[in-house]
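Heads up: the structure comes next, in structure tokens.
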Amino acid sequence: MRFASFETGGRPTYGLVDDSGNCWRAPAAFQERFGDLKAVVAANALAELAKAAGEGGEKLAPAQIRLLPVIPNPGKIICVGLNYKSHVAETKRPDSEYPSLFLRFNDTLAAHGDVVPRPAFSERFDWEGELAFVIGQGGRHIPKEKAFEHIAGYACFNDVSVRDWQKHTHQFTPGKNFPGTAPFGPFMVDRGAVPDVTALTLETRVNGQVMQHASLGDLIFDIPTIVAYVSRFTPLSPGDLIATGTPGGVGDRREPPLYMKDGDVVEVEITGLGILKNTIGVAA
């Protein structure tokens with residue numbers, strides 16, 4: 001099942017996405033119980049949402065909606081860096097015993113179809129296609145063998161980076177937190193529909209040219225390890241978003257470097273999770 005947050009008639013809502021890209025808005029009575037998709041996730045009510053939207057939801061064609069980030073209001077956005085051997089090799093960084101983590105702010109999220117704003121004072125605007133997952137059941141000190149039980153679903157993510165600002169110091173925060181630079185979507189596929197996440201393939205394309213192509217089985221720190229490690233130092237809550245890292249092929253490490261420019265179209269596609277597509281534009 002595929003779930004999305006979206007706007008129609010200028011109002012935010014949520015529902016089910018069918019194979020044709022139509023959205024089935026959750027019935028009003030259901031939305032009175034659960035104000036947004038994050039609340040549905042917190043109540044472990046995705047199956048109930050699918051039934052309600054399928055039986056009594058309003059069908060909306062793609063032209064009638066504007067997609068939002070899958071979860072527009074996560075409590076935490078935690079990103080894993082340097083999590084593919086191919087990316088570690090191109091950055092010439094040493095291996096790490098533990099996951100390399102950084103945080104993003106909520107206002108960095110963008111939706112499928114949004115224009116991703118490049119700051120006018122930087123030309124080093126780079127793509128990073130990734131798999132992200134949404135926490136369903138919260139918890140602390142989650143053991144690896146229980147990790148998947150705490151995941152609601154999966155989605156495509158693009159950890160767009162302003163490389164010069166990322167490299168001002170050893171801390172990534174500035175280059176990873178320009179507003180609207182983290183597209184997330186187009187929808188979330190529930191965990192039950194993805195029996196083996198390691199069998200998925202990730203591909204990033206810029207103007208149709210393949211820049212990244214990797215198996216999710218190539219993650220250095222797999223999803224159970226990430227969940228267990230993160231939940232040791234911070235409680236995970238329903239709706240929290242964790243991005244698992246990008247494979248080799250980023251623009252900054254090419255020879256010569258290649259960066260996204262205004263008008264470029266970037267796509268992140270993951271097997272069964274759809275295509276996250278955005279255009280690059282200069283920020284005001």
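A few points about this structure:
- Filter result (among the aromatic types (Phe, Trp, Tyr) and either touching an Asp or Glu at 6+ places or on another chain (Cβ under 8 Å) or surrounded by 19 or more Cβ atoms within 10 Å (Cβ to Cβ) (or both)) within region 104-145: PHE125, TRP127, PHE133
- Check on ALA110, within 27 Å of ARG205 (Cβ to Cβ) and either of a type in the set (Val, Ile, Thr) or in the same structural domain as ILE242 (by TED's automatic domain parsing) (or both): yes
- If you go through region 50-92 and pick out every residue that is part of a helix (DSSP H, G or I), crowded, with 21+ Cβ neighbours inside 10 Å and either within 21 Å of the chain's Cα centre (by Cα) or at pLDDT below 95 (or both), you end up with 1.
- Subset tally (residues that are of a type outside the set (S, T, N, Q), under 21 Å from THR271 (Cβ atoms) and touching a Pro at 6+ places or on another chain (Cβ under 6 Å)) for region 152-184: 1
- Condition met for GLY272 (in a loop (DSSP other than H, G, I, E, B) and surrounded by fewer than 22 Cβ atoms within 10 Å (Cβ to Cβ)): yes
- Only one of the numbered conditions (1) part of a loop (DSSP other than H, G, I, E, B); (2) surrounded by fewer than 20 Cβ atoms within 10 Å (Cβ to Cβ); (3) modelled with pLDDT of 95 or more is not met by PHE148, and that is (1).
- Here no strands (runs of 3 or more DSSP E) wholly within region 175-228 include at least 2 residues being of a type in the set (D, E, K, R), crowded, with 21+ Cβ neighbours inside 10 Å and under 17 Å from the mean Cα position of the chain (by Cα).
- Residues that are free of Cβ contacts under 8 Å to residues at least 40 places away in the same chain, in the same structural domain as PRO186 (by TED's automatic domain parsing) and of a type in the set (D, E, K, R), drawn from region 59-94: LYS92, ARG93
- Taken over region 1-29, residues that are without any contact (Cβ under 8 Å) to a residue 40 or more places away in the chain and either out of contact with any helix residue (DSSP H, G or I) (no Cβ under 9 Å at 6 or more places or on another chain) or outside any strand (DSSP E or B) (or both) amount to 10.
The values are calculated or read from the model by the stated rules, or taken from the named source; none is laboratory data. Values in this document were obtained by computation on a predicted structure and should not be read as measured data. Cβ atoms come from the backbone with ideal geometry, glycine included; neighbour counts cover every protein chain shown.
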